[in-house]
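This report refers to the structure that appears directly beneath it.
The values are calculated or read from the model by the stated rules, or taken from the named source; none is laboratory data. Computed from a predicted structure; not experimentally measured. All Cβ positions, glycine included, derive from the backbone under ideal geometry; neighbour counts span all protein chains shown. We work out accessible area using only protein heavy atoms, side chains counted, and drop any ligands, DNA or RNA first. Shrake-Rupley method; radii C 1.70, N 1.55, O 1.52, S 1.80 Å.
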Amino acid sequence: METKPTAITNEIPEIKFTKLFINGEFVDSVSGKTFETIDPRTGEVITRVAEGDKEDVDLAVKAAREAFDHGKWPRMSGYERGRIMMKFADLIEENVEEIAILDTINAGKILAHGKMLDIPFAAKNLRYYAGAADKIHGKTLKLSQEMQGYTLLEPIGVVGHIIPWNFPSAMFFHKCAPALAAGCTMIVKPAEQTPLSALYYAHLSKLAGIPDGVLNIVNGFGPTTGAAICSHMDIDKVSFTGSTEVGRVVMQAAATSNLKVVSLELGGKSPLIIFDDADLEKAVDLALLGVLYNKGEICVAGSRVYVQEGIYDAFVTKAAEKAKAWVVGDPFHPSTQQGPQVDKKQFNKILSYIDQGIREGATLLTGGKQVGEKGFYIEPTIFTDVKEDMRIVKDEIFGPVMALMKFKTVEEAIQKANNTRYGLAAGIITNDLNLANTVSRSIRAGVIWINCYFAFDFDCPFGGYKMSGFGKDLGMEALEKYLQTKSVVTPIYNSPWL
């Protein structure tokens, strides 16, 4: 395994925003409480941020409710909302470096990826929905019984967004961008591990001209702040990305309060199926990317890899060779391919799953250990001799751990791929188009990537089947989550109603 590169500490900026953002102002929490946010590269404290609770959520909801019921944002033309969102995107692009550094020191993300991918993606996401804001149209209806009608698409109201820690910037705008375009107001709870970039985005939203009360940020913890959002009677919708276990809690809270609308993007245990005709080098590279990108902390990680028996042995050899050469280290270093896990809890969880795999009889091909003595770094880990009933195959580990398995027939591959409670994504590697089409139609998952992986696009809806949740992010379907349909009916000449 490559050694850990030297940290580059002089790139860390002053942390400017650490409070809650409510009604256009940065404020302390009602209780005055704060909590530590940690640098996963070292395990040391970066700063303390305000800790919101139910009282703070109440204040944020009151501001959002006022902004929705009586404010300008829902009543603006779509063009005007889009223009402000475009300015918001401009400001993000002007501050890419500083925001990327915040996500690096807060989430352990590779700095180069943040600068080239995550933060530009956030700005482009805003632009995509800004362009849609003035194209929200209903339909004209020709009705029976001498009546005519039309539908109006209206913003759903006040939205609670609960954001995960693995992609703090991308997921912030997966949710906020379409909701803003629709004319909603919102309360955002960033993950307690990664609040820093969300607070910076709040600052930029104010500069862009988003009215007070439209975008509110309440830092805090799931059982307190998150629970207050999910059960609040004045929130009309909750959009949650996170684990399936917490997704259940979100639904229960929504159901027992005001039956608010819920959309959930939850866990995954995605299969990657590699057929005998695949280019071996490309297949290994895609398989490693699929499970090691973002240190495996990605819901669509291709953590179950099925390789057809004709190339299995060669694949194992090549995968082990490349995994051992993978550079794990400080995410500021330009040669680093994998940074630290987000925090000690996730670090320990991943190591416990690796120990579980060994105890259950899987063969540890490579990796499995901590890298260095400081921070939360784990070696890329590959298991072989894996059985379908092992926990490392069944459970979402959310770390750099691959379960590598062999198959013979197409039917066997399909059966194994579908043998999971999840259904978020899947990958297929083959040069046979008919085979790719057959398998992609047979796998129960929300997105299928053929000869690629992590191929996200703004026009391509993303969301899961089964226990991976429901509702789509990205694409125009994401905009629909934040709209509701109103039908208007009018009698016409000779109608019995006249």
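Within the accessible surface of segment 339-498, defined with a 1.4 Å probe on protein heavy atoms only, the carbon and sulfur portion equals 50 percent.
Taking a 25 Å limit on the Cα-Cα distance, which of the listed pairs LYS16/LYS345; LYS124/LYS481; LYS318/LYS345; LYS322/LYS466; LYS269/LYS345 fall beyond it? Those over the limit are LYS16/LYS345; LYS318/LYS345; LYS322/LYS466.
The convex hull defined by the C-alpha atoms of segment 1-131 has an orientation-averaged projected area of 10.4 nm².
Once the 1.4 Å probe is applied to the protein heavy atoms, segment 99-162 comes out at 41 Å² accessible per residue.
Taken per residue, the accessible surface of segment 228-333 reaches 32 Å², heavy atoms only and a 1.4 Å probe. Scanning the chain for chymotrypsin sites (Phe, Trp or Tyr not before Pro) lying in DSSP loops with no more than 12 further Cβ atoms inside 10 Å, the longest uninterrupted stretch between such sites is 1-492. If you take the alpha carbon atoms of segment 140-230 and fit the smallest convex hull around them, that volume is 134 Å³ per residue.
Of all DSSP bridge pairs formed entirely within segment 254-399, close to 45 percent run antiparallel. Projected onto planes of every orientation and averaged, the convex hull of the alpha-carbon atoms in the chain covers 25.2 nm².
Per the helix-only calculation at 222 nm, which mean residue ellipticity applies to the chain, given -39500 (n - 2.57) for every DSSP H run of n ≥ 4 and division by its residues, nearest 500 deg cm²/dmol?
On the way: 15 runs with 178 residues, N = 498.
Roughly -11000 deg cm²/dmol at 222 nm, from the helical runs in the chain.
Annotation for segment 350-418: trypsin sites (Lys or Arg not before Pro) lying in DSSP loop with at most 15 further Cβ atoms inside 10 Å of their Cβ are LYS369, LYS374, LYS387, LYS408.
Helix 54-69 and the longest principal axis of the Cα set of the chain meet at an angle near 50°.
Here segment 1-112 has 48 percent of its accessible surface on carbon and sulfur atoms, given a 1.4 Å probe and all protein chains in place.
Rounded to the nearest 10 degrees, the inclination of helix 344-359 to the longest alpha-carbon principal axis of the chain is 40 degrees. In terms of accessible area, using a 1.4 Å probe and ignoring ligands and nucleic acids, LEU180, LEU289 rank largest first as LEU289, LEU180. With all protein chains in place and a 1.4 Å probe, the accessible surface of segment 140-222 carries 55 percent carbon and sulfur. Checking every one of the GluC sites (Glu not before Pro) in segment 378-411 against DSSP loop status and a limit of 13 other Cβ atoms within 10 Å picks out GLU388.
Computed over protein heavy atoms with a 1.4 Å probe, the accessible surface of segment 406-498 works out to 53 Å² per residue. With Rh defined as the Kirkwood radius, the inverse of the mean 1/r over Cα pairs, the Rg/Rh of segment 52-210 is 1.05.
Can you give me the C-alpha center-to-center distance between segment 110-133 and segment 34-98, rounded to a whole angstrom? Cα centroid to Cα centroid, the span is 16 Å. Rounded to the nearest 10 degrees, the angle from helix 280-292 to the longest Cα principal axis of the chain is 60 degrees.
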